[in-house]
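In what follows, a structure is listed as structure tokens, so that the remarks can point back to it.
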Amino acid sequence: MPFITVGTENSAPIDLYYEDHGSGQPIVLIHGFPFNGATWEKQTGPLLAAGYRVITYDRRGFGNSAQPTFGYDYDTFAADLDVLMTELDLRNAILVGHSMGTGEVTRYLGAYGSDRVDRAVLLAPLAPYLVQASDNPEGVEASLFEGFKQAIIKDRFAYLTQFCNAFFNYEENRGKLVSDEAYRAHWEIGARASAKGTHDCVDAWGTDFRADVSRIDVPILIVQGDKDNVLPYPKTGQRLQPMLSDSRLVTLKGAPHGTPWTNADQVNEAIMEFIGAPAMARA
């Protein structure tokens, strides 16, 4: 399995697992919490068929990557992405993030610029700023994040069940947009993640991305369900789009947070149209 080293902890390297398939313009897919790159399976096939080079990787602490006890913040996550982009010498790349993965995309563009990036896709974004503050009354109360952390400490596996229920809007979509088997597979992927990383990532959700957003100078596609019960649509995607000078918002009516799985056809169509493969989108 291919790995890229992004640091060390004591005597052990911090290695990120990645997959690199196909040829053509590179597309980097960055997964959501608390999953890994395997959850992009409904996107990788169509993108490869459309003639793109598709790269997925597991965030530190998740999937097959190392599970260090530190570095679960967006400065570090963006630095990890920068190592991947540099080591693979990716140019004219398309960055696609889902949920927590949109934070890497946003912070990377804000901190490292767009020299290696052609455009980006944000599926159910974290930005611009999720936490309520005096200058951000549109956010959610910080106490919610503390509650999530306490729930993870008390019983991480019970918390994962609650999270997957909200991720899929499971009661509403069970047997329709998501099967019991797909739900269970996502839960099991999350259960294999670092307990420390799962807990510490909650603080990262409260990152203020407003300065990063102001620096983004590439075309951006935002896709989000208006029934997102993880990252509320009015506080994230709907609010973010007017802040970006070159952006488009695609709203998926009735869709939950986990759209790369539940609404894969619509997500893929929107991505293909945006990146310049309209024939594949129609197909």
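The values are calculated or read from the model by the stated rules, or taken from the named source; none is laboratory data. Quick caveat, the model's predicted, so the values are computed rather than measured. Cβ: placed from backbone, ideal geometry, glycine included. Neighbour counts: every protein chain shown.
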Practice prompt. Any chance you could count how many residues in the range 169-187 are part of a helix (DSSP H, G or I) and of a type in the set (Lys, Arg)?
Written response: 1
Response to the item:
Subset of the range 104-145, residues in a helix (DSSP H, G or I) and closer than 26 Å to VAL267 by Cα, comes to GLU104, VAL105, THR106, ARG107, TYR108, LEU109, GLY110
Worksheet item: List, please: which pairs have Cβ atoms under 7 Å, are six or more places apart or on different chains, and start with a residue in the range 62-82 that is surrounded by 18 or more Cβ atoms within 10 Å (Cβ to Cβ) and at pLDDT 95 or above and end with one that is among the β-branched types (Val, Ile, Thr) and in a loop (DSSP other than H, G, I, E, B)?
Response: TYR74/THR207
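Can you pull out the residues in the range 212-235 that are among the hydrophobic types (A, V, I, L, M, F, W, C), touching a Leu at 6+ places or on another chain (Cβ under 9 Å) and assigned to a loop (DSSP other than H, G, I, E, B)?
Of everything in the range 212-235, those that are among the hydrophobic types (A, V, I, L, M, F, W, C), touching a Leu at 6+ places or on another chain (Cβ under 9 Å) and assigned to a loop (DSSP other than H, G, I, E, B) turn out to be ILE216, VAL218, LEU231.
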Worksheet item: Is it the case that the range 269-277 has a residue that's in contact with a helix residue (DSSP H, G or I) (Cβ under 6 Å, 6 or more places away or on another chain) and under 20 Å from ARG59 (Cβ atoms)?
Response: no
Discussion item. For the range 212-249, which positions are over 17 Å from the mean Cα position of the chain (by Cα) and closer than 23 Å to ARG59 by Cα?
Written reply: ILE216
Worksheet item: Inside the range 86-103, can you point out the residues that are over 15 Å from LEU221 (Cβ atoms) and either assigned to a helix (DSSP H, G or I) or charged (D, E, K, R) (or both)?
Response: THR86, GLU87, ASP89, ARG91, MET100, GLY103
